[in-house]
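Working notes for the structure below.
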Amino acid sequence: METPVVKLSDEELKTVYEPSEDSYLLIDALEADLEILRRMKPAICLEIGSGSGIVITALAMALRRHCSAHFLAIDINPDACRVTRRTSLLNCVDVDVAHMNLLDCIRIRCTFDIVLFNPPYVVTGYEEMLDDRLLFKTWAGGKSGRQVMEQVFAKIPEILSDAGLFYLVVIKENDPEYILSAFEKLNMSGKIVCERKVRGEHLYVLRFRKTKINEKPTSGM
Ligand SMILES: C[S@@+](CC[C@H](N)C(=O)[O-])C[C@H]1O[C@@H](n2cnc3c(N)ncnc32)[C@H](O)[C@@H]1O
């Protein structure tokens, strides 16, 4: 997969998440699944918390000759929304952007074929999570680092198409096994598809899909 060109000014770096190891691990997970994703011929792909837009842009670039998918990015940070749009145009793909808190305004059901989320996952106190500064929103995950990501869990099976895939970045402290079992209760099977230890962080990418009837919940793809 080609790595998109991303340009962030010093001013933008004050609030927008600079592409880091977690962003690249998610891109690596998508690259490993590229044949599956291309065969799926997705119609609509969504990234929650797009930051600089590097991940959704990389996906749009990788799929552009294989399907005519629509790409949508959401971020709570208006600066990130602006930068995501610019990153997509800089790399000659079209990503629509919505300034939104998580999935608050998404009402459509069973629509998204690919959903991506590299959430704020760092374990912090409640105060950091509630801090209004936009840079805090890039990393502060509250108790167990799961307080932001958990807000979308129940909605994922609602918005995902039947054959859709959801990719989530987590760290060891978030307890990946707990997250896998939380999704099992939502009739979604998941597994670790990528992991990497970098500078004191053990990063994972989890991939989920809806469990088919008569299928054991924990089975992989
Ligand atoms: C770890 S950064 C990931 C950025 C980018 N996806 C990447 O991988 O480089 C988390 C992103 O989620 C966004 N975010 C945090 N809380 C959010 C919320 N409640 N709703 C929407 N976006 C949120 C942040 O602004 C930030 O851009």
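Overview of results
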read-out	value
Nearby lysines by direct alpha-carbon distance to Lys185 (threshold 17 angstrom, same-chain neighbours under 8 apart not counted)	Lys155, Lys210, Lys212, Lys216
Those trypsin sites (Lys or Arg not before Pro) in region 117-159 that DSSP places in a loop and that have at most 11 other beta carbons within 10 Å	Arg133
Selection from Gly200, Val83, Ala154, by position along the positive dipole direction of the chain (Cβ)	Ala154
Gyration tensor over alpha-carbon atoms, region 153-197, equivalent ellipsoid semi-axes in Å	20, 12, 9
Residues with amide H under 5 Å from that of Gly164, placed H, sequence gap 5 or more	Lys210
Candidates per trypsin sites (Lys or Arg not before Pro) in region 39-103, loop by DSSP, up to 11 other Cβ within 10 Å	Arg65
Neighbour cut-off at most 12 other Cβ (10 Å), DSSP loop, GluC sites (Glu not before Pro), region 1-98	Glu2, Glu11
Antiparallel content of DSSP bridges confined to the chain, in %, to 5	45 percent
Spatial separation of Cα centroids for region 168-201 and region 88-131, in angstrom	18 Å
Overall dimensions of region 124-205 by Cα: Rg and Dmax, Å	13.7, 39
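Rule-based calculations on the coordinates, nothing more; no lab input. Fair warning: this is a prediction, and the values are worked out from it, not measured in the lab. Cβ sites come from the backbone with ideal geometry, for glycine too, and all protein chains shown count toward neighbours.
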